[in-house]
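Derivation of every value follows stated rules applied to the coordinates shown; laboratory data play no part. Since the model is a prediction, treat every value here as computed from it, not as a measurement. All Cβ positions, glycine included, derive from the backbone under ideal geometry; neighbour counts span all protein chains shown.
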Amino acid sequence: MNDIFELLQGKQGEPDYKKKSVIVQGITGKFGSLHTKLMVGYGTNIVAGVTPGKGGQKFEGIPIYETMSEAVQATGAKISIIFVPAKFFLGAAVDALEAGIKLLVAIPEHVPVRDTMTLLELAKKNDAIIIGPNTPGIMIPEVIKIGIMPASSFRAGDIAVLSKSGTLMYEVSHNLTEAGFGQCITLGIGGDPINGTTLIDAFDMVKDNPELKGIVVVGEIGGDAEETLAQHVIDSNFEKPIVAYIAGRAAPKEKRMGHAGAIVYGNYGSAESKVSMFNKANIPVAKRPAEVPMLLAGKFEKYKD
Amino acid sequence: MRLLEYQAKQLFSEYGIKIPKGITSKNIEQGRKDAKELGFPFVIKAQVPVGGRGKVGAIQKCNNADEFELKYPQILEMTVKGEKVRAILLEKMAEYKKELYLSLFLNRGKRCYTIIASAEGGVEIESVKNQVIREAGLGDVEKSVAEEVAKAIGLKDNTVNEFVDLVQRLSKLIVEKEAELAEINPVAILNDGSILALDGKIITDDNAGFRHRELAKFQERSELEEKAEKSGFTLVELDGNIAVVGNGAGLVMSTLDMLSDNGGKPACFLDVGGGATTESVYEALTLVSKMNKVKGILVNLYGGIVKTTTVASAFIKAYDDKLIDLPVFARLMGAESDKAKEMLKNTKTKLFDSVEAAINAAVIGVRK
């Protein structure tokens, strides 16, 4: 698999180190255009946009192409972010992968599960990473932001934040930042039942980074991604501090709580199941977002001994 | 969308899965006609999108017209686990020798459909120890896989073929309708070895709804839920008296948890989506104003807000328009919060710097 840090910032000495090229699919839409400006403002190197029917035009000085193959050919970008309505998502994503994109950030919510699964088969064949769908995106604070997160919540540092929820990723990162814990990467896996990058995938992507000092996992009810991650942490003998937060303890069963994936069937997907597996893996679980930095600080105290 | 039993059975029937004879009604006048057509005895089954009906008397046997007049209205008026009864299914009883469990569901971790079967049917599957779990790929379940499952739960003779046929039909249904779950509990094995679906539960992928217009007729939403969806919100109605409003599913769930931890009782989960604007907050207050029992509104907004002052003006407008007269306990994370506080000084909306402080004030506030 491609190294996520290398994809996002490259290697020291390369001409485009920390200036990796990114293409925006759906750059002229309401959401896409707003967030293109915000990403550019953060320092992300947006080199092209794609909007069928608007090829040849420009948005804020950024050239627009008809298709992804044209955009990739012209720029050599390996990263793309998609802002198109869910109905058109699969087409846009396939277009991107076939053009050679290796990291695809899929923002749209409401993508049918079958479309996601179709895309993931192709991604596997093409050795591409999909983040999302229904993700806030991915960022290396103060280097690159590919997503819709508010910049003010994040600071550069050495903690990885892996989250199912968007707003909770902001909230928890904000709490970490306030407490002096900056982040080396923050990644939203997305709130859908099937995620291009699972919590385990995300953990494996970040765990060997030499800069990494600790990991914060922000989970929520639904599925068993947290449980399998906890088992994976036990199996891989990972020793750096990990702290978790799980949302949805008070949610009723069999009700979809805003995210397509946030639903409990019986005990499958329940908060109790997740908390008990994290406890087994010696990962403390915060009761509220503000408690995360305190638990992390506690873990660091122990880790030093 | 979770289909009601009679709706799931309608789909079963379309896919050639045998079901008992039954008729569905929403009032006693129609029910009487159905009873006459069906003939006594039969079972009266409440149609609600939750399990555990048997235990609370929402499924009852009915032997004659006197019983019918007593039980039909009683069951129609019931609330099961907070869900009002939507309709009544009158259904003929079947004589059978054995009950099984069968479900197919989308396994999120494994990214494929998975079969769960058991020789013990008619009880909640979580409580069953002898489950056979078999991954089944993304397309229709192959015959050999279904046969393995049939044998693993101890089926013999012609029942094996009947069961294989059932699994394949159910798998065709789940694939074609893009369902997340299709469950038959119990599957009855009749005296002649043939099979009948006595209950049914199907959950479809709402996001694929644009490809399945034929399922739209099954949509059972409250008026408020429908309004919420039109605004692009997600609303889950709950039993308490504090409405919980926020932006982002995770954040609202988190707020609900903290409120419950502090002894508060949420009246709803209302997610207005990632961004929060003056319009969306006003729209959310409009929805909350239509809910009964609400004594206070807890608002938690983070990110997506350009200025807290624009949100503050939504509250002021809601009071000015006499939309709400309720106290609002809000935590707004964004620029110019001091100015927003000043704007709201003489209103029933109080701004707090942390969500914990807003929750404490809300819990105390609604007790007054």
For region A:8-44, state which chymotrypsin sites (Phe, Trp or Tyr not before Pro) are in a DSSP loop and have at most 15 other beta carbons lying within 10 Å of their beta carbon. A:Y17
For every other residue with a beta carbon closer than 14 angstrom to the beta carbon of B:L90, add +1 if it is Lys or Arg and -1 if Asp or Glu, then tell me the sum. +3
What's the Kirkwood radius of the protein assembly as shown in Å, using all Cα pairs? 26.7
Amide H contacts under 5 Å for B:F352, placed H, 5+ residues apart: B:A330, B:R331, B:L332
Which of the trypsin sites (Lys or Arg not before Pro) found in region B:208-260 are loop residues per DSSP with 16 or fewer other Cβ atoms within 10 Å of their Cβ? B:R221
HN-Hα couplings for region A:40-48 via Karplus (6.51, -1.76, 1.60; θ = phi - 60°), in whole Hz with x for Gly/Pro, come out as 4, x, 7, x, 5, 8, 7, 9, 7
With Cα coordinates, the longest principal axis of chain B makes an angle with the long axis of helix B:143-152, in degrees rounded to 10, of 80
Relative contact order of chain B: what whole-number percent is it, with Cα pairs under 8 angstrom and at least 6 residues apart? 12
Enter the angle in degrees (range 0 to 90, nearest 10) between the Cα long axis of helix A:113-126 and the first principal axis of the Cα atoms of chain A, meaning the one along which they spread out most. 80
Which pairs, out of A:K253/B:K26; A:K54/A:K145; A:K287/B:K350; A:K164/B:K110; A:K255/B:K177; A:K164/B:K230, put more than 23 Å between their alpha-carbon atoms? A:K253/B:K26; A:K54/A:K145; A:K287/B:K350; A:K164/B:K230
Could you tell me how far the Cα centroid of region B:1-24 sits from the Cα centroid of region B:138-216, in Å? 12
Pull up all non-local amide H partners of B:N107: gap of 5 or more, or a different chain, and H-to-H distance under 5 Å with H placed in the peptide plane. B:C112, B:Y113, B:T114
Local electrostatic count at A:K20 - Lys and Arg +1, Asp and Glu -1, tallied over other residues with Cβ under 13 Å: +2
Rounded to 5, the percent of DSSP beta bridges in the protein assembly as shown classed as antiparallel: 50
Taking region A:230-305, which GluC sites (Glu not before Pro) meet the DSSP loop condition and have no more than 14 other C-beta atoms within 10 Å? A:E239
Tensor-based shape of region B:21-91 (alpha-carbon gyration tensor, a/c under 1.5 rounded, otherwise prolate or oblate): prolate
Using the alpha-carbon atoms, what tilt in degrees (0 to 90, nearest 10) does helix B:28-38 show relative to the longest principal axis of chain B? 20
Could you work out [θ]222 nm for the protein assembly as shown from helices alone, using -39500 (n - 2.57) per DSSP H run of at least four and dividing by all its residues? Round to the nearest 500 deg cm²/dmol. -10500 deg cm²/dmol
Rg and Dmax of chain B, Cα atoms only, in Å: 24.9, 79
Relative contact order of region A:122-199 (C-alpha contacts under 8 Å, at least 6 apart) in percent is 40
For region A:176-239, what is the largest minus smallest coordinate of the Cα atoms on each principal axis, given in angstrom and ordered from greatest to least? 32, 27, 18
Inter-site label distance for B:K18 and B:D325 at 7 Å from Cα along Cβ, in nm: 6.3
For region B:348-368 versus region A:50-72, the gap between their alpha-carbon centres in whole angstrom: 49
